[in-house]
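Working notes for the structure below.
The values are calculated or read from the model by the stated rules, or taken from the named source; none is laboratory data. Just so it is clear, the model here is predicted, and its values are computed rather than measured. For neighbour counting, all protein chains shown are included, and Cβ atoms are generated from backbone atoms with ideal geometry for every residue, glycine included. Ligands, DNA and RNA are stripped out before the accessible areas are found, and what is left, the full protein with its side chains, is counted by its heavy atoms. Shrake-Rupley method; radii C 1.70, N 1.55, O 1.52, S 1.80 Å.
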Amino acid sequence: MAVAVLEPTMEDVSLLGGLRSDLLGFVQQFESSYLTLSPQEAAAALVEVEQLSKLVDHLQTVAARAAEDHQLATTDALDPYKNTAEYLRAKIGISRTEANRRLRLGHDVLPELPGPGAALTPPLGVLAEATSAGALSSRAATIIRNAVHRVSPAATRPELDAMEEHLVRQAVESDEDVLRALAQRWEDIIDQDGTEPTDKILRARQGVFLRGRRHGLHFMEIGATDEQYEHLITVMNTATNPRAQNTAHKGTGTTDGKLTNGGDNDAGSSPDEPTREQSLLDGLVSACRIALAGDGLPATGGHRPQVMVTINYRDLLNDMSDLADRGHDGHSVFAQQLSARSIRKLACDAGILPLILGGEGQVLDIGRTQRLFPPHLRRALVARDKGCAFPDCTTPATWCEAHHTIPWATGGTTTINHGVLLCSWHHHQIHQGNWTVESINGIPWFTPPKYLDPHQTPKRNRYWQVEQAIHNHLARSNTGTDSNTHASTHTHTGTGERAAPP
């Protein structure tokens, strides 16, 4: 983004005073009359206020940069300050951490001080354009800025550009919690810290460490490998499933009928309910009790835990000689990346169910038509959706229910293309009819109601498919072509489906 030099005037500075006066008047009016607004007006005001705050965020970044470029720490006080951060701390009452955050962000989204008539591009041009337009908050911009800087020593320029572009787009579409998770996954894929730790190192670090008894509780710390963690968390999450006690078809999903409980599915929502941490412990203890009650210990045979991971078949078979090749990890149910080596260890004592996936992750060759989703179809939905498919939802697959995108009563079939995983809350929202879901090229896309998006642009949950998106961006940055073009030649379009949104 090219930025031309403009001559500031006193009129520009006085304009801020007028804006502040107008804004203060609105605040006083809004405080006293917001209950008289209609729900639609309140929703519109909520959005407008947030968009305004993003512009103010950028103004704060620009003002901090102006203080630095004008060297106010030494020229605007009788006693010089140590640096600009200390000056901002004293002048406007922000913390040193916040001052440094604004200054660091300013260096990446604003150009270096140009000469007369010159124009420069900021270091992070895509991010700079979005922040100056008020499209994202400075908090979101800082998440992106910090992530890019952390991986810069291990990344190529095209990789950094692809990462910046993708994260900025996701920041505009998603919330900051999702953005943090996506940024972390970009870091995990680009900077894998070289060779994995050897089995000898992992064995030396892993274990259950008993920390003693304090205040009536025994404390322990667990250091587990990827495959050990997946076994533990799979067992523990059976007790944290909010639908475990009141789902009629436990383990196979639910029908398309009305839900008896449409409330929030967060554990610990009532003082009488256990917290998620307490439920995880209950799940682990319950599993131990079941094991002790049976005759399976310490035998090694029998039915193994239902740990489910997905990986490219070639990567499963290949050896680990090519450690420099990136992007070949597998994915477990709880969104943890597992190396091919870890998955091979699991596969040594597990059944392997082959599913043929298209380039966009759609299941192409599995099916059995009946009203309820049988276990093998539910496994296919888990392999494709990985969790609740509703946009930005992070509920894991084991807490989700199978939903017919086309209701059975109106001719829908129990197939992968007409099935989708939804958590209890979003399942209820879909049945209310405000949001709609349809299969586009075998992938569930959700259309918001008009009061949320007047254009009703279809959306997809990118949280669970971020690795595929990252690999596509990296492929385009390295080859200059769209990697989806090749993948689309392997996909299948079902009856009544249309082209996917970009």
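Between Ala204 and Glu273, the simple label model (points 7 Å from Cα in the Cβ direction) yields a spacing of 4.5 nm. Taking 7 Å steps out from each Cα toward its Cβ at Gln456 and His149 produces label points 4.5 nm apart.
Using equal-weight Cα scatterers in the Debye expression, the normalised intensity of region 58-171 in log10 at q = 0.10, 0.12, 0.20, 0.23 Å⁻¹ is -0.33, -0.46, -1.07, -1.24. Stretched out straight at 0.36 nm per residue, the stretch from Val49 to Ser21 would grow longer than its current Cα-Cα span by 8.5 nm.
Please compute the net charge surrounding Leu124, taking Lys and Arg as +1 and Asp and Glu as -1 over other residues with Cβ under 12 Å from its Cβ.
Result for the local shell: -3.
Classify region 124-218 from the C-alpha gyration tensor, please: rounded if a/c falls under 1.5, else prolate or oblate depending on whether a/b exceeds b/c. Oblate, because a/c is 1.5 or more while a/b does not exceed b/c. Peptides 39-48, 122-131, 91-100 ranked from most to least packed, by the mean per-residue count of other Cβ atoms within 10 Å: 122-131, 91-100, 39-48. In this structure region 419-473 gives 39 Å² per residue of accessible area when probed at 1.4 Å with all protein chains present.
Cross-linked pairs Lys54/Lys459; Lys54/Lys450; Lys200/Lys386: Cα-Cα separations exceed 28 Å for Lys200/Lys386. When each of the peptides 428-434, 147-153, 206-212, 376-382 is scored by the mean number of other C-beta atoms lying within 10 Å of its residues, the order from highest to lowest reads 376-382, 147-153, 428-434, 206-212. The Cα atoms of region 374-432 give a gyration tensor whose axes a ≥ b ≥ c have a/c of 1.5 or more with a/b no greater than b/c, which makes the shape oblate.
The 3J(HN,Hα) values that the Karplus relation (6.51, -1.76, 1.60; θ = phi - 60°) gives for region 417-426 are, in residue order, 5, 10, x, 7, 8, 9, 6, 4, 5, 6 Hz. Gly and Pro appear as x. For region 97-103, 3J(HN,Hα) computed residue by residue from phi via the Karplus equation (6.51, -1.76, 1.60; θ = phi - 60°) reads 4, 5, 4, 5, 4, 5, 5 Hz, glycine and proline entered as x.
Here the calculated FRET efficiency for Ser38 and Ala133, from their Cβ-Cβ distance with R0 = 25 Å, stands at 0.30, rounded to the nearest 0.05.
Between amide H atoms placed 1.01 Å from N, distances below 5 Å from Asn441 occur with Gly494, Arg498, all of them 5 or more places distant or on a separate chain.
Amide H contacts of Lys459 (H built 1.01 Å from N, in plane; Pro and chain starts excluded): Phe446, Thr447 sit under 5 Å, all sequence-distant by 5 or more or on other chains.
Amide H contacts under 5 Å for Glu273: none, restricted to partners 5 or more places along the chain or on a different chain, H placed in the peptide plane at 1.01 Å from N.
Can you send over the carbon and sulfur percentage of the accessible area for region 391-440, probe radius 1.4 Å, protein chains only? Carbon and sulfur atoms account for 55 percent of the accessible area of region 391-440. At full extension, Leu217 and Asp177 could sit 11.2 nm farther apart than now, given 0.36 nm per residue minus the alpha carbon distance. Computed extension gain for Glu112 through Thr74, at 0.36 nm per residue and net of the alpha carbon distance, reaches 11.7 nm. Taking trypsin sites (Lys or Arg not before Pro) across region 422-480, the ones in a DSSP loop with at most 13 further Cβ atoms lying within 10 angstrom of their Cβ are Lys450.
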